[in-house]
Protein chains: 4
Amino acid sequence: MEKVKVGVIGVTGYAGAELVRLLAMHPQVELVKVGARSAVGCRVDELFPGLAGIKLACSAADDSYAECDYVFLALPHGVSMEYLPQLIKAGARVIDLGADFRFSDAAVYERTYEAVHSAKDLLGMSVYGLTEYYRDAIRAAPIVGNPGCYPTAAILALRPLLAGGLVEKDGIIIDAKSGVSGAGRGLAQERLLAELNENFRAYKPVGHRHTAEINQYAGAEVAVTFTPHLLPVQRGILATCYLTLRPGVEVGDIVEAYAERYADEPFVHCHQPGVLPELRWAVGSNSCHLGFAVDRSLRRLIVVAVLDNLLKGAAGQAVQNMNVMAGFPETMGLPINAPIV
Amino acid sequence: MEKVKVGVIGVTGYAGAELVRLLAMHPQVELVKVGARSAVGCRVDELFPGLAGIKLACSAADDSYAECDYVFLALPHGVSMEYLPQLIKAGARVIDLGADFRFSDAAVYERTYEAVHSAKDLLGMSVYGLTEYYRDAIRAAPIVGNPGCYPTAAILALRPLLAGGLVEKDGIIIDAKSGVSGAGRGLAQERLLAELNENFRAYKPVGHRHTAEINQYAGAEVAVTFTPHLLPVQRGILATCYLTLRPGVEVGDIVEAYAERYADEPFVHCHQPGVLPELRWAVGSNSCHLGFAVDRSLRRLIVVAVLDNLLKGAAGQAVQNMNVMAGFPETMGLPINAPIV
Amino acid sequence: MEKVKVGVIGVTGYAGAELVRLLAMHPQVELVKVGARSAVGCRVDELFPGLAGIKLACSAADDSYAECDYVFLALPHGVSMEYLPQLIKAGARVIDLGADFRFSDAAVYERTYEAVHSAKDLLGMSVYGLTEYYRDAIRAAPIVGNPGCYPTAAILALRPLLAGGLVEKDGIIIDAKSGVSGAGRGLAQERLLAELNENFRAYKPVGHRHTAEINQYAGAEVAVTFTPHLLPVQRGILATCYLTLRPGVEVGDIVEAYAERYADEPFVHCHQPGVLPELRWAVGSNSCHLGFAVDRSLRRLIVVAVLDNLLKGAAGQAVQNMNVMAGFPETMGLPINAPIV
Amino acid sequence: MEKVKVGVIGVTGYAGAELVRLLAMHPQVELVKVGARSAVGCRVDELFPGLAGIKLACSAADDSYAECDYVFLALPHGVSMEYLPQLIKAGARVIDLGADFRFSDAAVYERTYEAVHSAKDLLGMSVYGLTEYYRDAIRAAPIVGNPGCYPTAAILALRPLLAGGLVEKDGIIIDAKSGVSGAGRGLAQERLLAELNENFRAYKPVGHRHTAEINQYAGAEVAVTFTPHLLPVQRGILATCYLTLRPGVEVGDIVEAYAERYADEPFVHCHQPGVLPELRWAVGSNSCHLGFAVDRSLRRLIVVAVLDNLLKGAAGQAVQNMNVMAGFPETMGLPINAPIV
């Protein structure tokens, strides 16, 4: 197989740098171009000494990426839509890690992000990049709107249950906890180690933008309560989802629903009832682990989903989508397993 | 004022060692005796070099503590009830940090802890030690059953709302997160730093014993869903409580309910709507901070409570209770403020 | 005893906030004024919700502090010297936590800090605030130049040995490790939790400014190699000092030298040979713990000193000095013991 | 190329589990057998849910490994020598991650580990597995004695300098700091997260067994002072080495010595003078980063080496050696780059 030529725009952030690391190890990828507004001319291994040997220098973000077969955008929402039209025109297929191309309906984007969508005409070419659910459409898509980290965890947990009618649609609560890489590299006193280490807090308990994305793709018409928290760890998301079982639904039905949906998925691992996955089972891998427990007396179902916010929640899933688009084996260049320690 | 003579049994655990530290600084306390089954003859400053200068050596736990006015028990549940009768007979007043004397009804204890209660006749002499609610009874109580760490957080958050009829009684969810000192000093591979650092996990999602204590003292007849998680930090509990507002209840009603109940409490701090307290606001202090947010479209109320599990959640509240019992100022020897870093 | 009236300038930094916390609990202090250039008008409990109940609002740093008996300056070096003359003129005694008044010889300051000293005439009124060594002079001093955090650890470790002629003066190496609160609250990408957590690094291996301070006060004419490192913890300094024993010096001589010097010091704890203190033995206390080991075959002496950089290394020692100046018991309001966890 | 058949004995420890993770991803390896005394019959993915999909069950350690071309031993010292003779007899080539086959002279082993060597006759067949220095001998070696984690860092830092005569041989100090995975999975109260988190300490300041290994392979006859410390992080070693420059040696000579020795090494990265590598530049990769600074006034050279103790310091270097032995590209299946976060 011939290697594909790949570019990444936005390499100074954590997701962009993680993309570079993954792509540099991918056996079928030639990383030919990296872009960063704030670091034009800087070499990757100078920006990040841990990426030793990657001597590519950053171009401007709006430079030509015409030589690329695939371009990844790791940019703040609102920025991708500026660059995307010219990339598409130049013939590249684009995987956008931001929010601009996640909703087919521009109105949902505009309401959620309180901004005008300037590339509405391209939304029809875009597919939501939750690989396990949109694989067939991704294969041919010119644009993939890669999911948010929290929605990836929540949707993988909820969708088989909601689609199967096993749980009530109202009263769903997602209490999610994320490592700090999810908060990005922007400077803020509240993100200093001295302020955040040995600390823990909820943030945006009402109206976090990922709520709309979860509601959109959860598998039924729902309006979830979604409360994210910040963990004093580097990576990882653990989402504790509280659901109500519909009358007559048994533990075995839940087991079966997950098994049926995910048995053949290389990156989704379902555990026995009562086994709740720990954060570290996923951190460092592109996998999502799912487990659940039931309190029969309250008909309460508690589902825990864990994943690595920079891998399955961002760069890893983006590469998984590129593998699908390019016809490579879906797991190529992506770790299924997490280090023990 | 004359100093009171105090003993602590169970000083090798975190709560017991914290009691020793607090009592050694207390201006009205003379620490005269410390006990530990596993360390008879060892000096405190040898067991814990950070407690430099406390040269008291450990007695056996079942030794005589007759010289003590007050005895604190920092022992596993089921053990306190063995020692308590002789302590009471010898004239000491006892503050038990374990679960044995938290329920006036022995049947609740026996069901919850799956064990026989061997000192049922003493339960009538015991008062639940949530100081803010049982202060008057504590003043004269021979025995105080000091609350669990999670229940202290949950009850302080829920009780003004439930007692005031502001929220629905069903569907209450408490998603709680605790630092590892809450898990104790017992050896377990899962508590090694290498296994727990950069990790996070739920545990006992159904049937944690503190559930019964919360239900008992929450201020109304409720059956909460309580899911504890383990944070990779030393100390602190953050409980995220999900409630449903009763029709017609407004943000201002919540503000008022908390203000009325806690305005004069030195160790409870209520924040403005939308301000959710962080773990570190409480860690190192005997304070509990409360904050909340409302999602009007879902009539959802989210209350966050934080406290230090070893202080307000254990040793600090125990000293607060002793202050009440001895007629000392309630805040004596107890930090209201937490270090910034 | 009457309470003294105290002010603190620079309360938005970690040392300043820690001073406020300590002084608010001090039984003989009335905290009457706090200053902060960047937060004029803000209340302390708004800046730091963990300092609940301290409702004092910040003045400008250059406001009048005439009502104060004692003023603490927690300011960057070079700034204290601007404010100090007027404070002295107004009759306050000043404890400066910065470097401006640590050297009696202005030339040493100017060389080390590459800046002009604008208050040279006040240097004669200033005493170096290492309490254990300059207690008598501190008692009457108008100005105390409170030591740096690293020098406090290093000098307490080295001085009995160098003054006693037990170790060689050349080849001394101090490999020191500090928690991140030592790096301050300034915004820097390298201090984000995501960059520093699970990380560790040396910085300024040659020419760190504390080197001059150590050389000045180590007890003999020395030129040490001093290499600081940044630990991914909140607080604490551990200094590993490498020395060469003079011929004929035995383990017992070292034990004796430390015992003689520090036996009566409430905040210095010397451990048995071979027992090396851990960081946590000191963190949260105003104590310094010292321990050592000897490799006889190489005549190598390894001394480990630990302390809390914000307490004995900054705010705690400053309060200790105020206690000495005011004639209060030296330990008043200061914790000798560290929490176990 | 045909795949090689590989076995790992000792998979329940961190190094063993890391070997399994690496080998499962290696494109030329078929992992056919895993062994663990304490977990016979358990599947790898049950022992470590993060190793999802590796369904191999553990054999007894002394079972036959005859089908294996290569066997890795991740066992405590003293145990490998029991199993090794039969493995060699059965035709396997063995990479031992323990200490039993690191010294060609049994007397050095016996003195250092205070134990009898029961397989002295096999020492002649063994090569020290520091790939960068013994590559040619490793290629054909029946047995490789894989280096210790600390020695790998120290020797890579010191050897070009000592071999080149650029530094004095006496007075060398190595102040090393390791993440807790280096301390293993054994149960010990001192390794509980609650005891070690936010903590830091030196251990075995005199006589740590790795001292002998460093002295043996440092490139000249030396007797270093080696003091290890335990960092509250998962992985990584940072060694700060203090050396004295020989008269006339300049910064440029150091640069050149490193460049000459390591320019073609894929896993050793030398930085510009004054740039000291951080722990995270290496953690997660099989690379070692080297940097240095010079204090000319004291002729002091400070070299900092960082690596991942479980990769270049253990399992990664073991796979690197297997690649050499099997004639695979040396970097096959091994990450050169570390994640940014």
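The values are calculated or read from the model by the stated rules, or taken from the named source; none is laboratory data. No experiment lies behind these values; they were computed from the predicted model shown. Glycine gets a Cβ as well: all are built from the backbone with ideal geometry, and neighbour counts include every protein chain shown. For accessibility, only protein heavy atoms count, side chains too; no ligands or nucleic acids. Shrake-Rupley method; radii C 1.70, N 1.55, O 1.52, S 1.80 Å.
If I go through region A:215-247 residue by residue, how many of them are more than 10 Å from chain B (Cβ to nearest Cβ), within 22 Å of the chain's Cα centre (by Cα) and either outside any strand (DSSP E or B) or of a type in the set (D, E, K, R) (or both)?
Residues of region A:215-247 more than 10 Å from chain B (Cβ to nearest Cβ): A:215-222, A:228, A:239, A:241, A:243, A:245-247.
So of that shortlist, the ones also within 22 Å of the chain's Cα centre (by Cα) come out as A:215-222, A:228, A:239, A:241.
When the remaining residues are screened for being either outside any strand (DSSP E or B) or of a type in the set (D, E, K, R) (or both), the result is A:215-222.
Number satisfying all stated conditions: 8.
Suppose we filter B:Val127, B:Val108, B:Val144, B:Val116 for residues that are closer than 16 Å to B:Leu73 by Cα and over 13 Å from the mean Cα position of the chain (by Cα); which single one remains?
Values: B:Val108 fails: closer than 16 Å to B:Leu73 by Cα; B:Val144 fails: over 13 Å from the mean Cα position of the chain (by Cα); B:Val116 fails: closer than 16 Å to B:Leu73 by Cα.
On inspection, the qualifying residue turns out to be B:Val127.
Sort out which residues of region C:158-184 are modelled with pLDDT under 95 and outside any helix (DSSP H, G or I), and write them in order of number.
Residues of region C:158-184 modelled with pLDDT under 95: C:180-184.
Across region C:158-184, the qualifying residue is only C:Gly184.
Checking the structure you have, find out if any residue of region D:166-179 is within 16 Å of the chain's Cα centre (by Cα), at positive phi and either in contact (Cβ under 8 Å) with a residue 60 or more places away in the chain or open to solvent by less than 20 Å² (accessible area, probe 1.4 Å) (or both).
No, every residue in region D:166-179 fails to be within 16 Å of the chain's Cα centre (by Cα), at positive phi and either in contact (Cβ under 8 Å) with a residue 60 or more places away in the chain or open to solvent by less than 20 Å² (accessible area, probe 1.4 Å) (or both).
Over 30 Å from C:Val251 (Cα atoms) and either under 16 Å from the mean Cα position of the chain (by Cα) or modelled with pLDDT under 95 (or both): which single residue out of C:Ile138, C:Ile88, C:Ile155 fits that description? It would help to see each step written out before you state the result.
Values: C:Ile88 fails: either under 16 Å from the mean Cα position of the chain (by Cα) or modelled with pLDDT under 95 (or both); C:Ile155 fails: over 30 Å from C:Val251 (Cα atoms).
Going through C:Ile138, C:Ile88, C:Ile155 in turn, just one is over 30 Å from C:Val251 (Cα atoms) and either under 16 Å from the mean Cα position of the chain (by Cα) or modelled with pLDDT under 95 (or both): C:Ile138.
Within region C:182-201, does at least one residue satisfy the condition of being within 17 Å of D:Cys241 (Cβ to Cβ) and either in contact with a Gly (Cβ under 7 Å, 6 or more places away or on another chain) or touching a residue at least 24 places away in the same chain (Cβ under 8 Å) (or both)? Give the derivation first.
At the first step, the residues of region C:182-201 found to be within 17 Å of D:Cys241 (Cβ to Cβ) are C:200-201.
Narrowing further to those that are either in contact with a Gly (Cβ under 7 Å, 6 or more places away or on another chain) or touching a residue at least 24 places away in the same chain (Cβ under 8 Å) (or both): C:200-201.
Yes: region C:182-201 contains one or more residues that are within 17 Å of D:Cys241 (Cβ to Cβ) and either in contact with a Gly (Cβ under 7 Å, 6 or more places away or on another chain) or touching a residue at least 24 places away in the same chain (Cβ under 8 Å) (or both).
Residues are listed down the side, and each one gets a yes or a no for (1) over 16 Å from C:Glu213 (Cα atoms); (2) assigned by TED's automatic domain parsing to the domain that holds C:Ala259; (3) touching a residue at least 24 places away in the same chain (Cβ under 8 Å):
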| residue | (1), (2), (3) |
| --- | --- |
| C:His77 | no, no, yes |
| C:Ala99 | no, no, yes |
| C:Phe103 | no, no, yes |
| C:Ser126 | no, no, yes |
| C:Asp136 | yes, no, no |
| C:Ile143 | yes, no, yes |
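Would you check which residues across region C:257-283 are within 19 Å of the chain's Cα centre (by Cα), surrounded by fewer than 23 Cβ atoms within 10 Å (Cβ to Cβ) and either within 9 Å of another protein chain (Cβ to nearest Cβ) or in a loop (DSSP other than H, G, I, E, B) (or both) and list them?
Correct list: C:Glu265, C:Pro266.
Restricting attention to region B:203-214, report how many residues are open to solvent by less than 40 Å² (accessible area, probe 1.4 Å), of a type outside the set (Val, Ile, Thr) and either on the phi > 0 side of the Ramachandran plot or more than 8 Å from chain A (Cβ to nearest Cβ) (or both). It would help to see each step written out before you state the result.
Of region B:203-214, the ones open to solvent by less than 40 Å² (accessible area, probe 1.4 Å) are B:205, B:208, B:210-214.
Restricting the remaining residues to those that are of a type outside the set (Val, Ile, Thr) gives B:205, B:208, B:210, B:212-213.
Filter once more, keeping what is either on the phi > 0 side of the Ramachandran plot or more than 8 Å from chain A (Cβ to nearest Cβ) (or both): B:208, B:210, B:212-213.
The qualifying residues number 4.
The rows are residues; the columns are (1) in contact with a Ser or Thr (Cβ under 9 Å, 6 or more places away or on another chain); (2) of a type in the set (Val, Ile, Thr).
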| position | (1), (2) |
| --- | --- |
| B:Phe200 | no, no |
| B:Arg209 | yes, no |
| B:Ala212 | yes, no |
| B:Val222 | no, yes |
| B:His229 | yes, no |
| B:Thr240 | yes, yes |
| B:Pro247 | no, no |
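Read through the list (1) of a type in the set (Val, Ile, Thr); (2) under 20 Å from C:Ala15 (Cα atoms); (3) surrounded by fewer than 18 Cβ atoms within 10 Å (Cβ to Cβ), then give the number of the only condition that C:Val251 fails.
(2)
Evaluate the following for C:Leu290: is it within 14 Å of chain D (Cβ to nearest Cβ) and in a strand (DSSP E or B)? Quick ask: steps written out before the conclusion?
Values: within 14 Å of chain D (Cβ to nearest Cβ): yes; in a strand (DSSP E or B): yes.
So C:Leu290 fits the description; yes.
Mind counting the residues in region B:15-47 that are of a type outside the set (Val, Ile, Thr) and open to solvent by less than 10 Å² (accessible area, probe 1.4 Å)?
First pass over region B:15-47, keeping only residues of a type outside the set (Val, Ile, Thr): B:15-19, B:21-28, B:30-31, B:33, B:35-39, B:41-43, B:45-47.
Next, only the ones that are open to solvent by less than 10 Å² (accessible area, probe 1.4 Å) stay: B:16-19, B:22-23, B:26, B:35-36, B:39.
Residues flagged as of a type outside the set (Val, Ile, Thr) and open to solvent by less than 10 Å² (accessible area, probe 1.4 Å) within region B:15-47 amount to 10.
Can you say whether A:Gln234 is more than 18 Å from B:Leu243 (Cα to Cα) and in contact with a helix residue (DSSP H, G or I) (Cβ under 6 Å, 6 or more places away or on another chain), as far as the supplied structure shows? Don't jump to the end; show me each part of the working.
On the way: more than 18 Å from B:Leu243 (Cα to Cα): yes; in contact with a helix residue (DSSP H, G or I) (Cβ under 6 Å, 6 or more places away or on another chain): yes.
Yes; evaluated as a whole, the condition is true for this residue.
Sort out which residues of region A:151-195 are closer than 22 Å to C:Phe48 by Cα and touching an Asp or Glu at 6+ places or on another chain (Cβ under 7 Å), and write them in order of number.
Answer for region A:151-195, where residues must be closer than 22 Å to C:Phe48 by Cα and touching an Asp or Glu at 6+ places or on another chain (Cβ under 7 Å): just A:Gln189.
Give me the pairs, please: first residue somewhere in region C:317-341 and at the interface with another protein chain (Cβ under 10 Å from one of its Cβ atoms), second residue anywhere and in a loop (DSSP other than H, G, I, E, B) and among the aromatic types (Phe, Trp, Tyr), beta-carbon distance under 6 Å, and either six or more positions apart or on two chains.
Correct list of pairs: C:Ile340/B:Phe48.
Residues in region A:195-202: is at least one part of a loop (DSSP other than H, G, I, E, B) and surrounded by fewer than 19 Cβ atoms within 10 Å (Cβ to Cβ)?
Here is the first cut: in region A:195-202, the ones part of a loop (DSSP other than H, G, I, E, B) are A:197-200.
Still in the running and surrounded by fewer than 19 Cβ atoms within 10 Å (Cβ to Cβ): none.
Within region A:195-202 (the criterion being part of a loop (DSSP other than H, G, I, E, B) and surrounded by fewer than 19 Cβ atoms within 10 Å (Cβ to Cβ)), the answer is no, since none of the residues qualifies.
For every residue, the table says whether it meets (1) under 16 Å from C:Leu97 (Cα atoms); (2) open to solvent by 10 Å² or more (accessible area, probe 1.4 Å).
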{"position": "C:Asp295", "(1), (2)": "no, yes"}
{"position": "C:Ile302", "(1), (2)": "no, no"}
{"position": "C:Ala305", "(1), (2)": "no, no"}
{"position": "C:Gly313", "(1), (2)": "yes, no"}
{"position": "C:Gly316", "(1), (2)": "yes, no"}
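Given the options D:Val275, D:Val249, D:Val268, D:Val224, name the one that is farther than 14 Å from D:Ala157 by Cα, in contact with a strand residue (DSSP E or B) (Cβ under 8 Å, 6 or more places away or on another chain), in contact (Cβ under 8 Å) with a residue 60 or more places away in the chain and of a type in the set (Val, Ile, Thr). Write out each step before concluding.
Numbers: D:Val275 fails: in contact (Cβ under 8 Å) with a residue 60 or more places away in the chain; D:Val268 fails: farther than 14 Å from D:Ala157 by Cα; D:Val224 fails: farther than 14 Å from D:Ala157 by Cα.
Only one candidate qualifies: D:Val249.
For residues that are part of a helix (DSSP H, G or I) and among the β-branched types (Val, Ile, Thr), scanning just region B:85-135, find the one that is surrounded by the most Cβ atoms within 10 Å (Cβ to Cβ). Even if it seems obvious, please write down each step before you answer.
Let us first name the residues in region B:85-135 that are part of a helix (DSSP H, G or I), namely B:85-89, B:106-113, B:120-125, B:131-135.
Imposing the further condition that a residue be among the β-branched types (Val, Ile, Thr) reduces the set to B:88, B:108, B:112, B:131.
Working: B:Ile88: 17, B:Val108: 16, B:Thr112: 21, B:Thr131: 24.
So the residue we want is B:Thr131.
In region C:180-198, what residues are facing another protein chain (nearest Cβ under 7 Å) and under 19 Å from the mean Cα position of the chain (by Cα)?
C:Val180, C:Ser181, C:Arg185, listed by residue number.
Would you confirm, using the coordinates I've provided, whether D:Pro76 is within 19 Å of the chain's Cα centre (by Cα), in a loop (DSSP other than H, G, I, E, B) and surrounded by fewer than 16 Cβ atoms within 10 Å (Cβ to Cβ)?
yes
If you scan region C:1-14, which residues turn out to be surrounded by fewer than 24 Cβ atoms within 10 Å (Cβ to Cβ) and of a type outside the set (S, T, N, Q)? I'd like the intermediate steps shown before the answer.
Going through region C:1-14, the residues surrounded by fewer than 24 Cβ atoms within 10 Å (Cβ to Cβ) turn out to be C:1-5, C:12-13.
Residues satisfying the conditions are C:Met1, C:Glu2, C:Lys3, C:Val4, C:Lys5, C:Gly13.
Kindly indicate whether C:Leu187 is over 27 Å from C:Tyr133 (Cα atoms), open to solvent by 40 Å² or more (accessible area, probe 1.4 Å) and either assigned by TED's automatic domain parsing to the domain that holds C:Leu298 or at pLDDT below 95 (or both). I'd like the intermediate steps shown before the answer.
On the way: over 27 Å from C:Tyr133 (Cα atoms): yes; open to solvent by 40 Å² or more (accessible area, probe 1.4 Å): yes; either assigned by TED's automatic domain parsing to the domain that holds C:Leu298 or at pLDDT below 95 (or both): yes.
Judged against the criteria, C:Leu187 is a match.
Please enumerate the residues belonging to region A:293-316 that are of a type in the set (D, E, K, R) and more than 14 Å from chain B (Cβ to nearest Cβ).
The initial filter retains those residues of region A:293-316 that are of a type in the set (D, E, K, R), namely A:295-296, A:299-300, A:308, A:312.
A:Lys312 - this is the single residue of region A:293-316 that is of a type in the set (D, E, K, R) and more than 14 Å from chain B (Cβ to nearest Cβ).
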